[in-house]
Structure formats: structure tokens, C-alpha cells
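Q: Structure below; questions to follow.
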Amino acid sequence: MKILVINGPNLNMLGIREPQIYGSYTLEDIENELFEYAKSLDGSIELEFFQSNFEGEIVDKIQNALNKFDGIIINPAAYTHTSVAIADAIASVNIKTVEVHLSNIFLREEFRHNSFIAPKCIGQVAGFSKDGYKMALFGLYGALK
Ligand code: CA2
């Protein structure tokens, strides 16, 4: 089972800036933890990680996932609230996708309450910090196996 894990803009800054909001762990910490968790869940899970600050690159990556990946975990970051293009890309490949957020977007500013991505996903996890990625993988694995 091949799962693509996509992180959107500024998440490469985790652990470097604003630790009071997003924690002191880095994106690499999240990826390493998820890699170990995947192994413990099922040794046949393969993960690929991708981070980009560019909307078009994320669209390209999703399009290229067609016939290569069984599932997608995505934290679209700020593009969650703006990107019809990423939402359309997910719908076009028809790959089961789970949206993740470190923070509970519904406890934050009004503009973060809407997600263009969520209606194209089988589920959403928000508010559980880096554990949310493991929760997303658990749910996606259950939906795919
Ligand atoms: O809670 C989440 O995971 C978000 O996707 C994070 C986005 C935010 O725009 C979404 O509303 C919710 C922001 C990611 C910015 O990450 C940074 C990390 C370190 C320092 C500065 C920004």
C-alpha cells in the first residue's frame, strides 16, 4: 500500500518559527514518527513525503499520484482555505485522501473555518498536533485495506 504525504506552505518552518502556535518539533520529526508508526501498523505500507510552498507543484504532485499511490494524506496549510485548484486535483485523481491540521482550525479565525479540500476527502483530523498524521494514516489504512 503506497501513501503520499503532502505538506503545504510554511510547514517546512515547523520547529524553527512560532513554536508557541505550532510546537517545537520539525517537519522531519513528523515524517520520522509517521514512518515508524506505518511500520508498526503494517510492514507493507510505503510512505513518500512531499512538501512545497507552491500551489502548482502540489497540484502536479497530486496529478502524478494517479496509478502510483493508493492514498493521500495532506496538510494543505493556508491553501486549505483558498485553493480550488488543489481541491479539483484531488477530485480528478479519485485517490482516497485525508486532510490533516496540526491546530483545531475551528477554534481559530473565521477564515480558517472553511476548507475547500475537506469535501474531496474521506475524512479530516484537526487539533491533535503531530499525532494527527498518525490518526490520518490509521483511518486511511482502515479505509484502504
Ligand atoms: O493547523 C494546521 O496544520 C494549518 O494547516 C497550519 C497552516 C494554517 O494556515 C492553517 O490554517 C492550519 C499554517 C502553517 C504555517 O506553519 C508554520 C510553521 C512554523 C512557523 C510558521 C508557520
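Q: So which residues in region 53-76 are small (Gly, Ala, Ser) and within 19 Å of residue 140 (Cα to Cα), if there are any at all? Before the answer, list the steps.
A: Quick first cut of region 53-76, residues small (Gly, Ala, Ser) only: 56, 65, 71.
The answer is 65, 71.
Q: Residues of region 88-105 being under 13 Å from the mean Cα position of the chain (by Cα) and not hydroxyl-bearing (Ser, Thr, Tyr), which ones?
A: The initial filter retains those residues of region 88-105 that are under 13 Å from the mean Cα position of the chain (by Cα), namely 90, 96-103.
Listed by number, the residues that qualify are 90, 96, 98, 99, 100, 101, 102.
Q: Return the residues of region 29-57 that are touching a strand residue (DSSP E or B) at 6+ places or on another chain (Cβ under 9 Å) and charged (D, E, K, R); say none if nothing qualifies. I'd like the intermediate steps shown before the answer.
A: At the first step, the residues of region 29-57 found to be touching a strand residue (DSSP E or B) at 6+ places or on another chain (Cβ under 9 Å) are 30-31, 34-35, 38, 45-52, 57.
Within region 29-57, 31, 46, 48, 57 meet the criteria.
Q: Could you figure out which of (1) over 19 Å from residue 13 (Cβ atoms); (2) within 13 Å of the chain's Cα centre (by Cα); (3) more than 15 Å from the ligand (Cβ to nearest atom) isn't true of residue 73?
A: (3)
Q: For region 16-27, which positions are at pLDDT 95 or above and near the ligand (Cβ under 9 Å from one of its atoms)?
A: 27
Q: Taking the stated definitions as given, is residue 79 touching a residue at least 24 places away in the same chain (Cβ under 8 Å), more than 23 Å from residue 142 (Cβ to Cβ) and buried (at least 20 other Cβ atoms within 10 Å of the Cβ)?
A: Values: touching a residue at least 24 places away in the same chain (Cβ under 8 Å): yes; more than 23 Å from residue 142 (Cβ to Cβ): yes; buried (at least 20 other Cβ atoms within 10 Å of the Cβ): yes.
So residue 79 fits the description; yes.
Q: Conditions first: (1) of a type in the set (Asp, Glu); (2) touching a Leu at 6+ places or on another chain (Cβ under 8 Å); (3) within 12 Å of the ligand (Cβ to nearest atom). Residue 99 passes all but one, so which condition is the exception?
A: The one condition residue 99 does not meet is (2).
Q: Continuing with the same structure: Mind checking which residues of region 110-130 are crowded, with 16+ Cβ neighbours inside 10 Å, out of contact with any strand residue (DSSP E or B) (no Cβ under 7 Å at 6 or more places or on another chain) and free of Cβ contacts under 8 Å to residues at least 40 places away in the same chain?
A: Listed by number, the residues that qualify are 112, 116, 128.
Q: Can you confirm whether residue 30 is more than 19 Å from residue 113 (Cα to Cα) and within 16 Å of the ligand (Cβ to nearest atom)?
A: Working: more than 19 Å from residue 113 (Cα to Cα): yes; within 16 Å of the ligand (Cβ to nearest atom): yes.
Considered against the rule, which asks whether it is more than 19 Å from residue 113 (Cα to Cα) and within 16 Å of the ligand (Cβ to nearest atom), residue 30 comes out as yes.
The values are calculated or read from the model by the stated rules, or taken from the named source; none is laboratory data. This structure is a prediction, so every number in the text was calculated from the model and none was measured. For neighbour counting, all protein chains shown are included, and Cβ atoms are generated from backbone atoms with ideal geometry for every residue, glycine included.
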